[in-house]
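What follows is a short report on a single structure.
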Number of protein chains: 6
Amino acid sequence: MTPSVSRYPVPEIQSLPQDMRERILAVQEKSGFVPNVFLALAHRPDEFRAFFAYHDALMEKQGGLTKAEREMIVVATSGANQCQYCVVAHGAILRIRAKNPLVADQVAVNYRKADITPRQKAMLEFAMKVSRESERVVDGDIDALKGQGFTDDDIWDIAAISALFALSNRMANFTNMRPNEEFYLMGRTGH
Amino acid sequence: MTPSVSRYPVPEIQSLPQDMRERILAVQEKSGFVPNVFLALAHRPDEFRAFFAYHDALMEKQGGLTKAEREMIVVATSGANQCQYCVVAHGAILRIRAKNPLVADQVAVNYRKADITPRQKAMLEFAMKVSRESERVVDGDIDALKGQGFTDDDIWDIAAISALFALSNRMANFTNMRPNEEFYLMGRTGH
Amino acid sequence: MTPSVSRYPVPEIQSLPQDMRERILAVQEKSGFVPNVFLALAHRPDEFRAFFAYHDALMEKQGGLTKAEREMIVVATSGANQCQYCVVAHGAILRIRAKNPLVADQVAVNYRKADITPRQKAMLEFAMKVSRESERVVDGDIDALKGQGFTDDDIWDIAAISALFALSNRMANFTNMRPNEEFYLMGRTGH
Amino acid sequence: MTPSVSRYPVPEIQSLPQDMRERILAVQEKSGFVPNVFLALAHRPDEFRAFFAYHDALMEKQGGLTKAEREMIVVATSGANQCQYCVVAHGAILRIRAKNPLVADQVAVNYRKADITPRQKAMLEFAMKVSRESERVVDGDIDALKGQGFTDDDIWDIAAISALFALSNRMANFTNMRPNEEFYLMGRTGH
Amino acid sequence: MTPSVSRYPVPEIQSLPQDMRERILAVQEKSGFVPNVFLALAHRPDEFRAFFAYHDALMEKQGGLTKAEREMIVVATSGANQCQYCVVAHGAILRIRAKNPLVADQVAVNYRKADITPRQKAMLEFAMKVSRESERVVDGDIDALKGQGFTDDDIWDIAAISALFALSNRMANFTNMRPNEEFYLMGRTGH
Amino acid sequence: MTPSVSRYPVPEIQSLPQDMRERILAVQEKSGFVPNVFLALAHRPDEFRAFFAYHDALMEKQGGLTKAEREMIVVATSGANQCQYCVVAHGAILRIRAKNPLVADQVAVNYRKADITPRQKAMLEFAMKVSRESERVVDGDIDALKGQGFTDDDIWDIAAISALFALSNRMANFTNMRPNEEFYLMGRTGH
């Protein structure tokens, strides 16, 4: 028997309000499957809508951070928060966006040892501080990022992505959200 | 000189899109002032909309938890995350909703010593686990809450409020979000 | 029913030895009520006498630290130690001594975000180190304080106040020492 | 340019003493490549010999734990210790020994959420205690494992594997030991 | 050159107020030397008097705890707080009071592994909780101690000794208080 | 009754394979007693051989670190890991090798306060980082050691000794390995 997607009941896609159904079917069309986060959060339609609106505002955005770098932030902080769903699912997306089959596993375990640039290590060091001890953020942290060429807008993005996945990691850990099996292999063979 | 509301620029209310402006003016009408979280997050309209949609879905909801209990979760977890804005602002709302001038300061410092019911202590113990070490949540935690009479729906609410304010606490700590001075005295004089 | 002042029996003031009774009545005369710490510790007269002698030696002293700054140290470290009595009672005293209705709540939650001077932040950073990880205190910490203009005598005061309230926080947490309701509102209305 | 295998020089295999060379060539014969741990530790021949003798005594052993379970212990504790080499390399071996392409990533992030048996969760809970806070091990921990059917010999194996990889994780983190690229994909396609 | 007794100047015994001088000379008479804590704290006469009054009230007291058990609490909590002076000096006193040359080193490192009774382990478990995380003390902790036969009075003693040495450990770590060389060997040869 | 040497059965020396028996008898000849680590680990002959081979490769080695410095690393990290056997047994060896009756107790409690050189403090600071948070080791740590005159070879030794005793501390904590009573007094009387 397949383990369940969530500790909570998962609605039938056909029974969902039209906007949610359309969103889910569009993802399915593009990815070939429905990532379980859509099913698990659909248990609460208003929270579903708010979460994905927040997600898209930060992850689909243009700006000083590449899409791969945004995913790196998710993978590193989700590793620190021990969130299985986010490490596996966003690890897959990171591999694809970075066109790099190795970087996700490296960043999930220890970003200090990953094959990334010093600028990316500075980005992740700050993301981890926001994720794990935001109470200690001080002006010097912001200055250090500017010294690496990040703009005010980039810095907000780094912090906000860390903050959004602080939420997401907690919901996934709470609901026992299960990553789809498809994610484990995505982006690993590189062609 | 008054310290600033946020590390980032704060837009003029009149320059904001209509939906945001209306929301802010409605709060101002009701409270007599504009809580700074509205001004600080307005720096990013899409994130503003998503955050308040998420907030309202959880905090304005009917259900097994009273509105005061929802605020208790915010105050306790924000204390643990050392978030000045959330402790001060939601402390005020908690005093008002609970009609209790003492409970917010008690819960912010140490919920174990607060004048609340054993059921509320169990609620906050779980909220704190989600907030601070969600990776350790196991079935036994859910069972313990059910033993106190919480429903599945209540339990999702407790976890989701903790998770949303995990996000909010990080954004406030990152932006140096400053609580309005009005909050400090609200609900303390009880009439 | 009013919750009790302490997990332990509280003696009648009239039954106490004369020196303790006089001390307590003097405080009552000045404050309008008897702070519960006097009642809770009176359970053990010799410890009562030693505690208040230590307290007065540090908190009523003239020197490079103002009385408000001494209370700031108490409030910040008691917040970190999650001591309800000390945060509430000394928060009140801090508001009065600093003639500032906001600073106590700010410092209790996160001194890094409080409206205090850089010199006061350096003072609290050291106080927190003594309170939470004194084993790591090294010469460099002392030098940093001297760079902010603190004298050797001031530095002893900062450390000793942190150390005394490390004791006090533990006794209050152990005895479930309950703050008097009067403290919550003191110093908030500023006139 | 390929990042280096270790912070330290790596000897030529042909220059190594015969026993080490034979061991390495045998692994190469079997796996198709030389895992970098052999190259990195060859910098110190006597430590190399001792490490692999210890490793084989625990990991190649018959007994109440399957070989896959032994690897599970390595992957879970190495995840907690943030050791990139051990998570990636032993994750590959775990996938192969368990004939399961998913379990390694699950266990590396959070064993509590992995598709493993309650007995295996009890095994990993104890392994994590030995790995992260062995000072707290008490008789009750041993009794709990016996309640799951583990023998004294099994329990020694669990503890000793955790202890050996406490050593190994530290050496890999110290030397910046880099996992071979071959490991990332091994055992993922299941045929 | 002998390292100094304290980071702060140490007064000449002859220059001290009579009560302090008499106290110090009495200790010297009894022990054969002046323990450095008397010299280091004499820098501040009022704090000296308060500290030793508190100390004597708890450590020289009759009651359900033996004097050796009181010292055990000091040694175990001072080990956890990494206080060199208190571990070395009170380790010596513990050896003498327990007439046991081994117990101090055992308790300083890990009381769970010491040759002490289950009742003493329960005592030290509570002392460590008060010392390291007093905010978590709950009614169940008190009940557990009563189950081991401790009275309310004994339990206050355990907590208060932990609390007093939380103060003392911080002052010793702050001042670099140096243990007298005499302490290292005291009570080790047992006759 | 004497407490047992280990949670596991201890073999008779005469029943052991010849190489182990000879090793143990040689130690007994030299020390006058058989240190319990030999008896406790003899429960598993192959692990015994591997452990002592690793131990000798690091602890009996010539090089930039003196034998006393190697023992200092063991004592400091074993103190942090709360390993009674290693603190007591290697404390004795450290006293003898350093010809210093005080240094072991100082280093076991808090190396920052010990009578050792700044170079030795830098050595122990790095050893503690490897022991307690090896995931954070970065190039700057290596550079700092080189600034104190340590060679690459010395630095490997520091890290490897910390790593080996990370293993050893866990086995001793797990098995309740009991230090021989002889160790407590060795090297204390200095002649």
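Checked against the criteria, residue C:71 counts as open to solvent by less than 20 Å² (accessible area, probe 1.4 Å), in contact with a His (Cβ under 7 Å, 6 or more places away or on another chain) and either within 10 Å of chain E (Cβ to nearest Cβ) or on the phi < 0 side of the Ramachandran plot (or both). Restricting region A:97-109 to residues that are touching a Ser or Thr at 6+ places or on another chain (Cβ under 9 Å) and among the small types (Gly, Ala, Ser) leaves a set whose member that is nearest to the other protein chains (Cβ to nearest Cβ) is A:108. The number of residues in region F:6-36 being open to solvent by 70 Å² or more (accessible area, probe 1.4 Å) and within 17 Å of residue F:183 (Cα to Cα) comes to 3.
Among the residues of region E:170-191, is there at least one that is without any contact (Cβ under 8 Å) to a residue 24 or more places away in the chain, of a type in the set (Phe, Trp, Tyr) and within 14 Å of chain C (Cβ to nearest Cβ)? No, because not a single residue in region E:170-191 is without any contact (Cβ under 8 Å) to a residue 24 or more places away in the chain, of a type in the set (Phe, Trp, Tyr) and within 14 Å of chain C (Cβ to nearest Cβ). Scanning region C:35-61 for residues that are without any contact (Cβ under 8 Å) to a residue 24 or more places away in the chain and more than 16 Å from the chain's Cα centre (by Cα) turns up C:44, C:46, C:47.
All conditions but one from (1) of a type in the set (A, V, I, L, M, F, W, C); (2) surrounded by 21 or more Cβ atoms within 10 Å (Cβ to Cβ); (3) in a helix (DSSP H, G or I); (4) away from chain A (no Cβ under 14 Å) apply to residue B:65; the one that does not is (3).
When residue C:43 is tested against (1) open to solvent by 40 Å² or more (accessible area, probe 1.4 Å); (2) more than 10 Å from every other protein chain (Cβ to nearest Cβ); (3) modelled with pLDDT of 95 or more; (4) in a loop (DSSP other than H, G, I, E, B), just one condition goes unmet, and that condition is (2). Among the residues of region D:52-62, those identified as assigned to a helix (DSSP H, G or I) and either buried (at least 24 other Cβ atoms within 10 Å of the Cβ) or not acidic (Asp, Glu) (or both) are D:52, D:53, D:54, D:55, D:57, D:58, D:59.
Listed conditions (1) assigned to a loop (DSSP other than H, G, I, E, B); (2) within 14 Å of chain D (Cβ to nearest Cβ) are all met by residue F:19, apart from (1).
Residue A:103 meets all of the listed conditions (1) closer than 20 Å to residue A:148 by Cβ; (2) more than 16 Å from the chain's Cα centre (by Cα) but one, namely (2).
Applying the criterion of at least 2 residues that are among the aromatic types (Phe, Trp, Tyr) and open to solvent by less than 10 Å² (accessible area, probe 1.4 Å) to the helices (runs of 4 or more DSSP H) found wholly in region C:77-191 leaves C:152-175. Cβ separations smaller than 8 Å between residues 6+ apart or across chains give the following pairs from region E:82-96 residues that are under 20 Å from residue E:66 (Cα atoms) and more than 10 Å from every other protein chain (Cβ to nearest Cβ) to residues that are open to solvent by 10 Å² or more (accessible area, probe 1.4 Å) and among the β-branched types (Val, Ile, Thr): E:89/E:37. Condition first: polar (S, T, N, Q) and touching an Asp or Glu at 6+ places or on another chain (Cβ under 8 Å). Can you find one or more residues in region F:69-83 that meet it? Taking every residue of region F:69-83 in turn, at least one turns out to be polar (S, T, N, Q) and touching an Asp or Glu at 6+ places or on another chain (Cβ under 8 Å). Of the listed requirements (1) in contact (Cβ under 8 Å) with a residue 60 or more places away in the chain; (2) of a type in the set (S, T, N, Q); (3) assigned to a helix (DSSP H, G or I), residue B:6 misses just one: (3).
Among the candidates A:112, A:95, single out the residue that is touching a Pro at 6+ places or on another chain (Cβ under 9 Å) and among the basic types (Lys, Arg).
On the way: A:112 fails: touching a Pro at 6+ places or on another chain (Cβ under 9 Å).
The unique qualifying residue is A:95.
Could we say that residue E:152 is modelled with pLDDT of 95 or more and more than 9 Å from every other protein chain (Cβ to nearest Cβ) here? In short, no.
The values are calculated or read from the model by the stated rules, or taken from the named source; none is laboratory data. Computed from a prediction, not measured in an experiment: that's the story for all the values here. Here Cβ is always computed from backbone atoms with ideal geometry, including for glycine, and neighbour counts include all displayed protein chains. Protein only, heavy atoms only, side chains kept; ligands, DNA and RNA dropped before computing areas. Shrake-Rupley method; radii C 1.70, N 1.55, O 1.52, S 1.80 Å.
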